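Visitor: My questions all concern the structure below.
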């Protein structure tokens, strides 16, 4: 595995530890989807696909695709035993009503107040928010999974987001290739760092002030 | 019993400038036969209300690519790059609506509600121009009902009363859209006699349906996808 992929796996493995047995989880497309592959042995989680079911399973095998069963990205997937199909109004009632225990999404920017920007870059990328605004506003726990810095090496964890917000003050955890950070009323708390970095390096790569937890963990 | 029409006949009354809801999610559950008939008819200047603009060559995505849409209401347009181009150059007015709000606005129209109060979009660009209410210490946006002149919904099986079974993830927006348009055209892969569809298997009650059309195009979007 190349070093970048190893870092991604480390991130998603750490996130997967957060879910208690039986949790209902909604994973965003891309990196967050990988979390499903690393659920610890002995635990079972139920995944929601916001286009209309619980019990989202792995991608459909070639030749086994069912055009009636696709994920939120339109890709053919499977439904596991114990799953259930429903319409969009029900699906978003589940989301907005606080019945989803965890959602994991990517981020362009997150700030010290738990604001998240991840759905558009004005003038450049305007795909629409899809279900992200409902998920971030409604899920009990919001986890942002992203690279700690952007392509140019600039911090993505800011004092204040500059891009249009997906939701205000809803982020609970930020997990990056370098750090595990909890959003609290008193600001951002660095609880864990990746095994190949240092607190100094994390602070340097973060624009927002970080409080370092008394008992710092590693992942 | 509902009239069973050809696709051409069913879309006859859709005028240039009409508003149209099309259910489906990334093509999954789009009424391909009805969309095709509308394209062949040459309809244009439509107000299209759909959860996403699918892929360029799939279902509802074709309406956008062939410049038939003047105003679009959708939650996601990222999988069809043509949508973004037309939005940026001003050829098509686009209103992006959070997906859950989109479903509830349509449901509100069909359910006779004056609007819905949602926490989604608070503190974002979505709240611009909308009434905000603080209830029990929490902020909500007032989102207004969304209806249309016509709706296309797609079923696997329909009986001649319009009762429809929509399997798997094809239900998506169809249930609420069937309630919220003046004239609802149901495309079905199979049309059966009353009594042949178990009333317990009905996803959309036939009372909402205006006319039924039998599918002539395959339901799968998968082999068409770029």
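Visitor: Here are the criteria: (1) closer than 28 Å to residue A:137 by Cα; (2) more than 10 Å from chain A (Cβ to nearest Cβ); (3) buried (at least 18 other Cβ atoms within 10 Å of the Cβ); (4) modelled with pLDDT under 95. Tell me which single one residue B:146 does not satisfy.
Guide: For residue B:146, the exception is condition (4).
Visitor: While we're here: Quick one: residue A:189 ticks every box in (1) touching a strand residue (DSSP E or B) at 6+ places or on another chain (Cβ under 6 Å); (2) under 22 Å from residue A:115 (Cβ atoms); (3) crowded, with 16+ Cβ neighbours inside 10 Å except a single one, so which number is it?
Guide: (3)
Visitor: So if I check each of B:34, B:63, which one is in a helix (DSSP H, G or I), modelled with pLDDT under 95, in contact with a strand residue (DSSP E or B) (Cβ under 7 Å, 6 or more places away or on another chain) and over 18 Å from residue B:101 (Cα atoms)?
Guide: B:63
Visitor: When both residues are 6+ apart or on different chains and their Cβ atoms are under 7 Å apart, which pairs have a first residue that lies in region B:107-132 and is at positive phi and away from chain A (no Cβ under 12 Å), and a second that is part of a helix (DSSP H, G or I) and surrounded by 20 or more Cβ atoms within 10 Å (Cβ to Cβ)?
Guide: The qualifying pairs are B:115/B:108.
Visitor: Also, I was wondering about something else. Which of the residues belonging to region B:16-29 are under 17 Å from the mean Cα position of the chain (by Cα) and more than 20 Å from residue B:176 (Cα to Cα)?
Guide: Kept after step one, since they are under 17 Å from the mean Cα position of the chain (by Cα), are these residues of region B:16-29: B:17-29.
Matches in region B:16-29: B:17 only.
Visitor: Follow-up question, since we're still on this one. Taking the options A:153, A:169, name whichever one is more than 10 Å from residue A:109 (Cα to Cα) and surrounded by 13 or more Cβ atoms within 10 Å (Cβ to Cβ).
Guide: Only one candidate qualifies: A:169.
Visitor: What number of residues within region A:64-103 are modelled with pLDDT under 90 and either more than 19 Å from residue A:130 (Cβ to Cβ) or not in a loop (DSSP other than H, G, I, E, B) (or both)?
Guide: Looking only at that region, the number is 0.
Visitor: Could you tell me which numbered condition residue A:81 fails, if it satisfies all but one of (1) surrounded by fewer than 17 Cβ atoms within 10 Å (Cβ to Cβ); (2) touching a strand residue (DSSP E or B) at 6+ places or on another chain (Cβ under 7 Å)?
Guide: Against the list (1) surrounded by fewer than 17 Cβ atoms within 10 Å (Cβ to Cβ); (2) touching a strand residue (DSSP E or B) at 6+ places or on another chain (Cβ under 7 Å), residue A:81 comes up short only on (2).
Visitor: Take residue B:85 and tell me if it is within 30 Å of residue B:207 (Cβ to Cβ) and without any contact (Cβ under 8 Å) to a residue 60 or more places away in the chain.
Guide: Working: within 30 Å of residue B:207 (Cβ to Cβ): no; without any contact (Cβ under 8 Å) to a residue 60 or more places away in the chain: yes.
So residue B:85 does not fit the description; no.
Visitor: Go through region B:114-143 and count every residue that is in contact with a helix residue (DSSP H, G or I) (Cβ under 6 Å, 6 or more places away or on another chain) and surrounded by 21 or more Cβ atoms within 10 Å (Cβ to Cβ).
Guide: The qualifying residues number 5.
Visitor: Still on this structure, I have one more. Kindly indicate whether any position in region A:120-136 is closer than 21 Å to residue A:11 by Cα and in a loop (DSSP other than H, G, I, E, B).
Guide: Checked against the condition, which is being closer than 21 Å to residue A:11 by Cα and in a loop (DSSP other than H, G, I, E, B), region A:120-136 yields no hits at all.
Visitor: Name the residues in region A:104-129 that are touching a strand residue (DSSP E or B) at 6+ places or on another chain (Cβ under 6 Å), at pLDDT 95 or above and within 13 Å of chain B (Cβ to nearest Cβ), would you?
Guide: Once the filter is applied, which keeps residues that are touching a strand residue (DSSP E or B) at 6+ places or on another chain (Cβ under 6 Å), at pLDDT 95 or above and within 13 Å of chain B (Cβ to nearest Cβ), region A:104-129 yields A:111, A:114, A:116, A:117.
Visitor: Determine which single condition residue B:172 fails, assuming it passes every other condition in (1) crowded, with 24+ Cβ neighbours inside 10 Å; (2) more than 16 Å from the chain's Cα centre (by Cα); (3) in a loop (DSSP other than H, G, I, E, B).
Guide: In the conditions (1) crowded, with 24+ Cβ neighbours inside 10 Å; (2) more than 16 Å from the chain's Cα centre (by Cα); (3) in a loop (DSSP other than H, G, I, E, B), residue B:172 misses (2) alone.
Visitor: Could you say whether any residue in region B:152-162 is touching a residue at least 40 places away in the same chain (Cβ under 8 Å), under 29 Å from residue B:34 (Cβ atoms), part of a loop (DSSP other than H, G, I, E, B) and touching a helix residue (DSSP H, G or I) at 6+ places or on another chain (Cβ under 8 Å)?
Guide: Yes.
Visitor: Same structure, new question: Considering each of B:166, B:222, B:217 in turn, give the residue that is facing chain A (nearest Cβ under 10 Å) and at pLDDT below 95.
Guide: Only one candidate qualifies: B:222.
Visitor: Do you know which residues across region B:71-92 are more than 17 Å from residue A:120 (Cα to Cα), modelled with pLDDT under 95 and either buried (at least 23 other Cβ atoms within 10 Å of the Cβ) or touching a strand residue (DSSP E or B) at 6+ places or on another chain (Cβ under 8 Å) (or both)?
Guide: Within region B:71-92, just B:92 meets the criteria.
Visitor: Given A:32, A:40, A:58, which one is modelled with pLDDT under 95 and assigned to a helix (DSSP H, G or I)?
Guide: A:32
The values are calculated or read from the model by the stated rules, or taken from the named source; none is laboratory data. Quantities reported herein were computed from a predicted structural model and do not represent experimental measurements. Using ideal geometry, Cβ is built from the backbone for each residue, glycine included, and neighbour counts are taken over all protein chains shown.
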